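Notes follow the structure.
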Amino acid sequence: MREKTIRKLVKLVEEADIESLTVRNWWTKVQIIKKGGGGSNGGSHESTITIPRAAVKPSLPPMEVAPPVQVAPQPQPQPVSASSIPAAATGKEIKSPMVGTFYTSPEPGAPPFVEVGARVKKGQTVCIIEAMKLMNEIESEYDGVVKSRLVENAQPVEFGQTLFVVEPA
Amino acid sequence: MPDDITQTQIDILNLLKDQNENWTSPKSLGERFHLSIKKVNQSLSELLRWGYRFETSRRGEVRFQTAPDILFPHEIARGLKAQVLGKEIHGFRSVSSTNGVAHRHAIKSAPDGTIIIAGRQTAGRGRLGRSWMSPPKLGIYLSVILRPTVVPAQAPGLSLVAALSVAEAIRHYPGLSAMIKWPNDVLVNGKKAAGVLTELSAELDRINFVVIGIGINVNHEPKDFPAELADKATSLQIEQGCPVDRVRLVQEVLLHLEKRYLQFLRNGLKDQLKAIKDYSSILGRHISVRHGNKTMVGTAIDIDVDGALVVNIDKRTLRLSSGEISLTESY
């Protein structure tokens, strides 16, 4: 992860009402803990954020930025609980329920299930996540408008990674 | 349509089958099922029309001779050893895709283990819409609706569970040493004889249902494959040299799938990993992995307990959960 990115994150933690911030993307994990962040006032405010690969592009040297195939990450002791990226988070997120490959359309060359800016209905298929030839048709949980798509077609995704942001209607 | 066979006809048929070599008079059939002799004879001629054959004695008694080569649900249900899979079987002569029909049944809350079966698919789905050839009477096209109590992240293992079950069922036939090409194809003598396509409907933390689609090339002859598939695809008949009873093969597949599925619910892939590896056609081999438009070359070294393929590429060890695998020259 770039120094610039980390500086930004540190600033974010300083300003926000949280004690620590863990950021994971495909290859790296950065945890920023506020100095003397007195955890006396009840529950911890730690938030774990998964930044989609597509959103934080140049994180490491080319060799590892572009894995030629889906590489399943080593099993993690507990699932990453992903929450929103504060800056982008006015809409509702559609997240991946599993590790796999993200497909925007039912088959190569076919029109995508949804375009950014399109209206979606609750239950409408928005993409496919494939792993070991198991096709998982991901449905929108909301009626609304697709505000953004955070993953490129045929790219690997992680458990809990945000795929789309939908502005509820 | 197979659906048009009535329960009365099925009852008569099953009774005659139970009698083996013994003759049965239409009168006793009528008494047994509270039917007029006229109605019994009507049912028998309907069965004849479907392709069933009976012998008739000089005294007008009948006995069962042969069944037509049709994947009737009542034929699959009779003698099926699986307990959960196949409790409900819906048969079609021809459907666009059994997975599509299964999907619709699953949404309408079809029970765990419901089977959709067809002798023909007009729009059989391969991975990402690639079509799976489905001529009538030659293959088996079936979909199983499952409602597993595992988290969605574990579901991809079901592709291997299904591929293993199909391979084990095919291995019952002499000379057919089926192998699994990770993760979802079944090969006989190096050519594709069957394939699995699994579809999942899930929330972030909960599976609604899984549809496992299985296509098997059973009684195809070489001429039934298009020329471009001649060196890639095969059928059980081609490899064994004689036709295979499709009904019995379906029963074998369901029995193995049920056993392996219950194991999977208890322990994930742990109890079947050895069998999956033993039957793997690619472990220890040089392979190329294509993903999108990128290809890389390496050696397949293992399948791990999540079902991921472990590959050595340029001295790096990677775990793959996607990609099209093909064997490269291994010497």
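The values are calculated or read from the model by the stated rules, or taken from the named source; none is laboratory data. Quantities reported herein were computed from a predicted structural model and do not represent experimental measurements. As a convention, Cβ positions derive from the backbone with ideal geometry for all residues, glycine included, and neighbour counts pool all protein chains shown.
Pick out, from region B:221-330, the helices (runs of 4 or more DSSP H) lying fully within it that include 3 or more residues that are over 15 Å from B:Leu164 (Cβ atoms).
The helices (runs of 4 or more DSSP H) meeting that bar are B:236-240, B:246-267.
For region B:290-298, indicate whether the set of residues that are over 15 Å from A:Gly100 (Cα atoms) and away from chain A (no Cβ under 13 Å) is non-empty.
Within region B:290-298 (the criterion being over 15 Å from A:Gly100 (Cα atoms) and away from chain A (no Cβ under 13 Å)), the answer is no, since none of the residues qualifies.
Can you tell me which residues in region B:302-331 are in contact with a Ser or Thr (Cβ under 9 Å, 6 or more places away or on another chain), closer than 19 Å to B:Leu187 by Cα and surrounded by fewer than 16 Cβ atoms within 10 Å (Cβ to Cβ)?
B:Glu324, B:Ser326, B:Leu327, B:Thr328
Are any residues in region B:187-241 without any contact (Cβ under 8 Å) to a residue 60 or more places away in the chain, farther than 30 Å from A:Thr125 by Cα and either in contact with a Pro (Cβ under 8 Å, 6 or more places away or on another chain) or within 12 Å of chain A (Cβ to nearest Cβ) (or both), and if so, which ones?
Residues satisfying the conditions are B:Ala230, B:Gln237, B:Ile238.
Scanning region A:122-169 for residues that are over 18 Å from the mean Cα position of the chain (by Cα) and of a type in the set (Lys, Arg), which turns out nearest to the other protein chains (Cβ to nearest Cβ)?
Looking at residues that are over 18 Å from the mean Cα position of the chain (by Cα) and of a type in the set (Lys, Arg), I get A:Lys133.
For B:His34, which of the numbered conditions (1) over 30 Å from B:Ala110 (Cβ atoms); (2) touching a residue at least 12 places away in the same chain (Cβ under 8 Å) fails to hold?
Condition not satisfied by B:His34: (2).
Which one of these does B:His286 not meet: (1) away from chain A (no Cβ under 13 Å); (2) within 29 Å of the chain's Cα centre (by Cα); (3) not hydrophobic (A, V, I, L, M, F, W, C)?
(2)
Say whether the condition of being at the interface with chain B (Cβ under 10 Å from one of its Cβ atoms) and β-branched (Val, Ile, Thr) is met by at least one residue in region A:101-110.
Scanning region A:101-110 turns up at least one residue that is at the interface with chain B (Cβ under 10 Å from one of its Cβ atoms) and β-branched (Val, Ile, Thr).
Taking the criterion of being buried (at least 17 other Cβ atoms within 10 Å of the Cβ), of a type in the set (S, T, N, Q) and at pLDDT 95 or above, would at least one residue in region B:274-296 satisfy it?
Scanning region B:274-296, I find at least one residue that is buried (at least 17 other Cβ atoms within 10 Å of the Cβ), of a type in the set (S, T, N, Q) and at pLDDT 95 or above, so the answer is yes.
Can you name the number of the only condition in (1) surrounded by 15 or more Cβ atoms within 10 Å (Cβ to Cβ); (2) within 27 Å of B:Lys137 (Cα to Cα); (3) of a type in the set (A, V, I, L, M, F, W, C) that B:Leu48 fails?
Of everything listed in (1) surrounded by 15 or more Cβ atoms within 10 Å (Cβ to Cβ); (2) within 27 Å of B:Lys137 (Cα to Cα); (3) of a type in the set (A, V, I, L, M, F, W, C), B:Leu48 misses just condition (1).
Which is small (Gly, Ala, Ser), at pLDDT below 95, surrounded by 15 or more Cβ atoms within 10 Å (Cβ to Cβ) and under 27 Å from B:Ile238 (Cβ atoms), of B:Ser143, B:Ser97, B:Ser165?
Among B:Ser143, B:Ser97, B:Ser165, only B:Ser97 is small (Gly, Ala, Ser), at pLDDT below 95, surrounded by 15 or more Cβ atoms within 10 Å (Cβ to Cβ) and under 27 Å from B:Ile238 (Cβ atoms).
Please go through (1) in a helix (DSSP H, G or I); (2) modelled with pLDDT under 95; (3) within 21 Å of B:His256 (Cβ to Cβ) for B:Leu128 and return the number of the only condition it doesn't satisfy.
Of the numbered conditions (1) in a helix (DSSP H, G or I); (2) modelled with pLDDT under 95; (3) within 21 Å of B:His256 (Cβ to Cβ), the odd one out for B:Leu128 is (3).
Give the residues of region B:178-236 that are among the acidic types (Asp, Glu) and under 16 Å from the mean Cα position of the chain (by Cα), sorted by residue number.
Those that are among the acidic types (Asp, Glu) and under 16 Å from the mean Cα position of the chain (by Cα): B:Asp185, B:Glu199.
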